[in-house]
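To start, the structure under review is shown below, and the notes come after it.
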Amino acid sequence: MLQFSRWKVIATALIVAIAALFSLPNILPPDTQRALQPYGLRPMTLGLDLQGGVNVLLEVDRKDMTSQLQQQLASDVRATLREAKIGYGGIQRVGSGVTVKVSKPEDFERARVELQKLRQPIQGNMLMGGVASNLYELTDSEGTFSFAVQENGLNAKIGNAIHQSLGIFSNRINGLGTTEPVIQQQGTDRIVIQYPGLKDTHQLLDILSNTGKLAFQLVCEEQPTTASSNPPQDCVGFPSKEAVDQLIAGKKAKGDTAAPTADELKALPQLWVQTGSRATVDGAELTDAQPSFDQNNRPVVTFRFNQKGAVRFGKLTAENVNKPFAIVLDGVVQSAPVINEPILGGTGQISGNFTVEETGKLSIILRSGALPARFVVAEERTVGPSLGAESVKAGFVACLVGLAGVMFFMFLPYGFFGLVANVALLANLLMLVALMSFFGFTLTLPGIAGILLTLGMAVDSNVLIYERIREEWKNGRSAMNAVDVGFKSALGTVLDANVTTLIAAVVLFGIGSGPVRGFAVTLAIGIFTTMFTAFTLTRLIVAIWVHYRRPKEINL
């Protein structure tokens, strides 16, 4: 155990030196830190609680989701009865549901069977108990069938939307280049997002608030000339991007920075597009979207469909040559070009008087996928950098005090061996900081607690080794033999203790989020650095001491 080849000695010294080099930027001035970054030397990334940033709480818009469900249900009821060739009267939205009147009594039972298929059983997520619920409740009275949204079904749909949105938000924010944002569910219908170091809150909210729902829809042949005109059947109206931009500019000129309301958007001139499945290609079939420029050097967004989307898009354009179709994003018509020829390659571009910044944001949203629900900002808080600086200072002081206390405790009872443990402890801290800096792990306040815990646990390995050496010495072994057997015998015990702690850290990282993960990361890294310093660095220093001093006794 005390024999080291020359290459092992050099490798160990080199590892410690590299650790010191990579941890150095953390104590250098900001200007020097920026100068060293091109060489791969950078300080640790600080979390929201240490460097400041934005905390945003998003909530599912229940009213908007219910309205969308009503619109979808009305279309499904109409299509179902038409396919079954059942006569019906007007379809109306009542409360949170839809009613329809079947014309002939002999069709009542057949209509009930067909409409029962639209109740949409939804499997709830684990937070909702995992119980399946019907989205709609169907009742009938003398041929009038009424659908009503059930609370349990709506909650299950919202829960599933939350679960799906977590991944979408993560993709969108990672597209901005941030490091380890905190994105987690809060309650049954909310998501909290913590973005460290952010200065432009509007950029984040723009990326998060857009649902990213893209559709390619044929334009209705009949276009009402006035708002009071009857809308075409199976058509829906959307305002153009130019009209919305003018509305926003007018509001800003009056000092109103609020987003346009639904009533304000409805008051704008509408372009009516078809809602049928044969006239629509869903943007969910997109596989990629990138900012680009057209032949006139204007900013556009290029997109690519998957195989299924490419076939549908090609069929739609082939069957409707010389007809206009609208590109609708989040209820706004971005452009409405005429189909000059079939688009069979599955690729295309979206133009609409965009700026370069707008095409970048839009491509991120489209790549990450459409949100299954509309979110509203329930709360927005900003953590100032001054508070983060105080937290860093407090954590730094805590680490120094803890380190000094541990080093004093080790030196007092173990003397020279305690001094060796202290050298290994400093090297342990250097390697931990170096690894977190090199891999870009985010340091949070719980992470500082993990570092302190690592410092305390690191010397446990030395204590076990030294006590075993003392025991072997008292049992009559020679000094050199006692040291050798002490390291060899304590290896299994120390390994078991650190492996069980590592398992706990992995579990915390797997099921935890945010602060818990920050703690788990530093704890796991600290375990690996502790094992290296305890059984390589400490053993190397002791082996060098034994080789040159040839001790006859051990003072432990």
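The values are calculated or read from the model by the stated rules, or taken from the named source; none is laboratory data. Since the structure is predicted, the reported quantities are computational estimates derived from the model, not experimental observations. Cβ: placed from backbone, ideal geometry, glycine included. Neighbour counts: every protein chain shown. These area figures cover heavy atoms from the full protein model, side chains too; ligands, DNA and RNA do not enter into them. Shrake-Rupley method; radii C 1.70, N 1.55, O 1.52, S 1.80 Å.
Quick notes on this one:
- For the cross-link pairs 104/323; 213/251; 63/104; 488/552; 85/213; 104/266, the ones whose C-alpha atoms lie over 28 Å apart are 104/323; 63/104; 85/213; 104/266.
- FRET efficiency for residue 347 and residue 84, using Cβ-Cβ distance with R0 set to 41 Å, rounded to 0.05: 0.60
- Amide H contacts under 5 Å for residue 382, placed H, 5+ residues apart: 55
- For q = 0.05, 0.07, 0.11 Å⁻¹, Debye-computed log10 I/I(0) when each Cα of the chain counts as one equal scatterer: -0.36, -0.61, -1.05
- Accessible area expressed per residue, the chain, with surrounding protein chains retained (probe 1.4 Å, Å²): 52 Å²
- Whole-percent carbon and sulfur share, accessible surface of the chain, 1.4 Å: 57 percent
- Dipole of the chain, positive end: most advanced residue of 489, 377, 280 [Cβ charges, Cα centre]: 489
- Unit charges at the beta carbon, dipole of the range 1-103: most positive-side option, 43, 79, 58: 79
- Judged by the ratio a/c of the largest to the smallest principal axis of the C-alpha gyration tensor, the range 290-336 counts as prolate, that ratio being 1.5 or greater while a/b is larger than b/c.
- In degrees, nearest ten, helix 6-23 long axis to first principal axis of the chain (Cα): 50 degrees
- The order of the peptides 400-411, 55-66, 437-448 by mean Cβ neighbours within 10 Å, most packed first, is 437-448, 55-66, 400-411.
- Cα centre as origin, Lys/Arg/Asp/Glu Cβ charges: the range 229-354 dipole, Debye: 60 debye
- The dipole here belongs to the chain: it is taken about the Cα centre, uses +1 on the Cβ of Lys and Arg and -1 on the Cβ of Asp and Glu, and is about 1660 debye.
- Whole-Å distance, taken between Cα centres, linking the range 76-109 and the range 1-66: 62 Å
- Principal-axis tilt of helix 151-175 within the chain, Cα atoms, nearest 10 degrees: 60 degrees
- Ligands, DNA and RNA aside, residue 473 has an accessible area near 80 Å² when probed at 1.4 Å.
- Estimated 222 nm signal from helices in the chain, with DSSP H stretches of n ≥ 4 weighted -39500 (n - 2.57), rounded to 500: -17000 deg cm²/dmol
- Two-site FRET efficiency, residue 116 against residue 253, from Cβ-Cβ distance with R₀ of 56 Å, rounded to 0.05: 0.55
- Helix 241-253 axis versus longest C-alpha principal axis of the chain: approximately 70°, rounded to the nearest ten.
- Taking the average, over residues, of other Cβ atoms within 10 Å as the packing measure, peptides 23-36, 133-146, 482-495 rank 482-495, 133-146, 23-36 from highest down.
- Legend: translational diffusion of the range 429-556 by Stokes-Einstein, Rh = Kirkwood radius over C-alpha pairs, 4 °C, 1.567 mPa s; D = 82 µm²/s.
- The H on the amide N of residue 443, modeled in the peptide plane, is under 5 Å from the matching H of 45, 46, 47, each at least 5 residues off or on a different chain.
- Normalised by the number of residues in the chain, the mean separation of alpha-carbon contacts (under 8 Å, six or more apart) gives a relative contact order of 19 percent.
- Length gained on full extension, residue 412 to residue 378: 6.7 nm, using 0.36 nm per residue less the C-alpha separation.
- If you plug the beta carbon distance of residue 545 and residue 32 into 1/(1 + (r/R0)^6) with R0 = 35 Å, you get a FRET efficiency near 0.40.
- Sequence ranges 14-20, 418-424, 88-94, ranked by mean other-Cβ count within 10 angstrom, highest first: 418-424, 14-20, 88-94
- Taking only the C-alpha atoms of the range 401-457, the Rg (one decimal) and the largest Cα-Cα distance, Dmax (whole number), read 12.6, 38 Å.
- Amide H contacts under 5 Å for residue 240: 271, 333, restricted to partners 5 or more places along the chain or on a different chain, H placed in the peptide plane at 1.01 Å from N.
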